[in-house]
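Novice: Please see the structure below; I have some questions.
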Amino acid sequence: MRADKTLHRYCYVLVCSILLLSLPVSASADSFEQLRKDSANIKTIQARFVQKKFMKILTKPLISEGGFYYVAPDSFRWEYVKPLRSVVVAYKGDTRRYIVSGGKMIEDKTGGMQAMKIVLGEVTGWMSGKFDQNPSFAATLKEGINTQITLTPVGKSMSGMIEKIEITVSKKAAAVKSVKIIENANAYTQIDFTNVEINKGINGSVFQDVE
């Protein structure tokens with residue numbers, strides 16, 4: 001049971017990061033209605049990221065680096081390159097995860113994809129900017145130097161996994177700056193995005209070829 005819960009948490013963090021980077025990024029957005037309107041303009045996204053996992057029992061965070069590609073409506077590639085390489089790709093409804101084994105990339109069939117698909121089903125509404133319409137979350141939007149959206153789980157579906165998610169959008173750069181996924185008082189994951197490019201052409205082979 002504990003292993004299943006850890007796997008579900010890992011999948012949730014990954015999928016949240018993928019979908020939240022698809023956040024509409026209008027520098028003038030000041031309401032959820034505006035976010036929904038802006039989301040219609042997003043066709044592709046690509047970016048680099050640094051992910052830091054903080055836990056009270058760790059003297060320093062666990063750091064991972066990688067890249068992300070997304071083509072509307074449902075193709076994505078989330079790839080860790082450091083410290084260990086792994087890739088999650090989704091293309092035409094088929095989601096797969098690959099890990100390094102024996103110096104080669106092989107498909108991971110341990111069951112993690114089932115958990116990911118369950119989570120993906122809960123948050124696909126975010127792709128169209130419906131941050132305040134997902135019954136699994138209560139959403140708030142706060143304006144300041146940057147725009148901050150806070151998503152708080154409601155009900156018991158996320159109990160023990162996620163306390164809240166904080167998304168920071170830079171008004172100046174009109175791009176998602178970071179996603180902070182708070183699991184509990186002793187653990188959270190911070191993902192910072194750089195080199196974000198919107199609506200730049202992406203070759204379809206990115207979502208099919210894993211070497």
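Novice: Against the definition (surrounded by fewer than 18 Cβ atoms within 10 Å (Cβ to Cβ), at pLDDT below 80 and within 25 Å of Gly144 (Cβ to Cβ)), how does Lys37 come out, yes or no?
Specialist: yes
Every residue, every condition in (1) in a loop (DSSP other than H, G, I, E, B); (2) of a type in the set (Lys, Arg); (3) within 24 Å of Asp192 (Cα to Cα), yes or no:
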| site | (1), (2), (3) |
| --- | --- |
| Phe76 | no, no, yes |
| Val81 | no, no, yes |
| Leu84 | yes, no, yes |
| Val87 | no, no, yes |
| Ala90 | no, no, yes |
| Arg97 | no, yes, yes |
| Val100 | no, no, no |
| Ile106 | no, no, no |
| Thr110 | yes, no, no |
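Novice: Check whether at least one residue in region 65-80 is in contact with a Ser or Thr (Cβ under 6 Å, 6 or more places away or on another chain), of a type outside the set (Phe, Trp, Tyr), closer than 12 Å to Ile191 by Cβ and modelled with pLDDT of 75 or more, and report yes or no.
Specialist: Among the residues of region 65-80, not one is in contact with a Ser or Thr (Cβ under 6 Å, 6 or more places away or on another chain), of a type outside the set (Phe, Trp, Tyr), closer than 12 Å to Ile191 by Cβ and modelled with pLDDT of 75 or more, which makes the answer no.
Novice: Based on this model, can you work out whether Thr140 counts as within 26 Å of Val87 (Cβ to Cβ), at pLDDT below 85, surrounded by fewer than 20 Cβ atoms within 10 Å (Cβ to Cβ) and out of contact with any Phe, Trp or Tyr (no Cβ under 8 Å at 6 or more places or on another chain)?
Specialist: no
Novice: Taking region 50-74 only, how many residues are over 19 Å from Phe193 (Cβ atoms) and basic (Lys, Arg)?
Specialist: 2
Novice: Here's a follow-up. Filter region 140-154 for residues that are in a strand (DSSP E or B) and not polar (S, T, N, Q) and give the result.
Specialist: Leu141, Lys142, Ile149, Leu151, Pro153
Novice: If you go through region 48-60, how many residues are over 12 Å from Ile191 (Cα atoms) and either buried (at least 20 other Cβ atoms within 10 Å of the Cβ) or of a type outside the set (D, E, K, R) (or both)?
Specialist: 4
Novice: Continuing with the same structure: Please determine, by comparing only the residues of region 175-203 that are in contact with a Ser or Thr (Cβ under 6 Å, 6 or more places away or on another chain) and part of a strand (DSSP E or B), which one is modelled with the lowest pLDDT.
Specialist: Lys177
Novice: Shifting gears a bit: Has region 11-23 got at least one residue that is over 11 Å from the mean Cα position of the chain (by Cα) and either over 25 Å from Glu211 (Cβ atoms) or at pLDDT 65 or above (or both)?
Specialist: No, region 11-23 contains no residue that is over 11 Å from the mean Cα position of the chain (by Cα) and either over 25 Å from Glu211 (Cβ atoms) or at pLDDT 65 or above (or both).
Novice: Here are some conditions: (1) of a type outside the set (Gly, Ala, Ser); (2) surrounded by fewer than 16 Cβ atoms within 10 Å (Cβ to Cβ); (3) modelled with pLDDT of 85 or more. Lys172 meets all but one. Which one does it not meet?
Specialist: Unmet for Lys172, out of (1) of a type outside the set (Gly, Ala, Ser); (2) surrounded by fewer than 16 Cβ atoms within 10 Å (Cβ to Cβ); (3) modelled with pLDDT of 85 or more: (3).
Novice: Residue check: is Arg85 at pLDDT 65 or above and crowded, with 20+ Cβ neighbours inside 10 Å?
Specialist: The answer is no for Arg85.
The values are calculated or read from the model by the stated rules, or taken from the named source; none is laboratory data. Keep in mind it's a predicted model, so treat the numbers as computed, not measured. We place every Cβ from the backbone using ideal geometry, glycine too, and count neighbours over all the protein chains shown.
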